[in-house]
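**Student:** Please read through the structure below; I'll follow up with questions.
The values are calculated or read from the model by the stated rules, or taken from the named source; none is laboratory data. None of the values given here were measured: they were computed from a predicted structure. All Cβ positions, even for glycine, are placed from backbone atoms using ideal geometry, and neighbour counts span all protein chains on display. Just so you know, the surface numbers come from the protein's heavy atoms only, side chains and all, with ligands and any DNA or RNA stripped out. Shrake-Rupley method; radii C 1.70, N 1.55, O 1.52, S 1.80 Å.
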Amino acid sequence: LASVDLDLNSSSYENLSVRLEAMHSTVRAMAPDIDRMAVALYDPQDDLLKTYINSTVEGQVLTSHQYRLSDSHSLSALAQDHALRVLTDIQETFDRETPHSAYILDQGYRSSMTLPLFHQGAFLGFLFFDSRDSGTFTPELQRELVLYGQVVTMAIANELMAVRTIVSTVQIARQLTALRDTETGAHLGRMARYSRII
């Protein structure tokens, strides 16, 4: 899937945030110890995982974090193998080498489940479930959470397709403008590059 930058102030982001929070409430009715659900999307153009949406019961919310996927052997392996990962003692497993690891340790999370998200064979990112209890993610709960992961994948894929449709339409309009007026086309190209940098 082509990379699309999603504006964190956009209605797509707000809509997905509200849906994730509602889903988190449903998950907590089944498993009250799940303190955090978060999604990091993957941008294949620069190999970055970027925090996107989250629902955190208490504590600090991790925002605007990005990390190169290739710098994480374990996450790269999960994406490649289409496998989930359950950690039952984060405090003993993690070190403070990355800002994300330091955040997880500082918030007191003891166990987690990481689920790679795929749509039509393409890797979208990860869904993270975190708990301050070490015994939260039983095999039965893991099966339930995989189903929730599929719902999250469908919601994100639908939003991304809508955004991509808009981006494609704008690109076609820009190309038509460039054909009619090369100076205006060049200006639009420069503005697009500046916007991406900003």
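**Student:** Taking the condition of being open to solvent by less than 50 Å² (accessible area, probe 1.4 Å) and more than 17 Å from SER55 (Cβ to Cβ), how many residues in segment 123-133 meet it?
**Tutor:** Residues of segment 123-133 open to solvent by less than 50 Å² (accessible area, probe 1.4 Å): 123-131.
Now narrow it down to the ones that are more than 17 Å from SER55 (Cβ to Cβ): 123-124.
Number of matching residues: 2.
**Student:** Scan segment 107-141 residue by residue and report those that are aromatic (Phe, Trp, Tyr) and over 19 Å from TYR42 (Cβ atoms).
**Tutor:** Start the filter on segment 107-141 by keeping residues that are aromatic (Phe, Trp, Tyr), which leaves 109, 118, 123, 126, 128-129, 137.
Selection gives TYR109, PHE137.
**Student:** Helices (runs of 4 or more DSSP H) wholly in segment 27-138 with at least 2 residues that are hydrophobic (A, V, I, L, M, F, W, C) - which ones? Can you show your working first?
**Tutor:** Details: elements: 73-81, 90-93, 99-106.
Counting at least 2 such residues, we get 73-81, 99-106.
**Student:** Let me ask something else about it. Over 23 Å from GLY108 (Cβ atoms), at pLDDT 85 or above and exposed (fewer than 14 other Cβ atoms within 10 Å of the Cβ), is that true of SER70? Give the derivation first.
**Tutor:** Working: over 23 Å from GLY108 (Cβ atoms): yes; at pLDDT 85 or above: yes; exposed (fewer than 14 other Cβ atoms within 10 Å of the Cβ): yes.
Against the criterion (over 23 Å from GLY108 (Cβ atoms), at pLDDT 85 or above and exposed (fewer than 14 other Cβ atoms within 10 Å of the Cβ)), SER70 qualifies.
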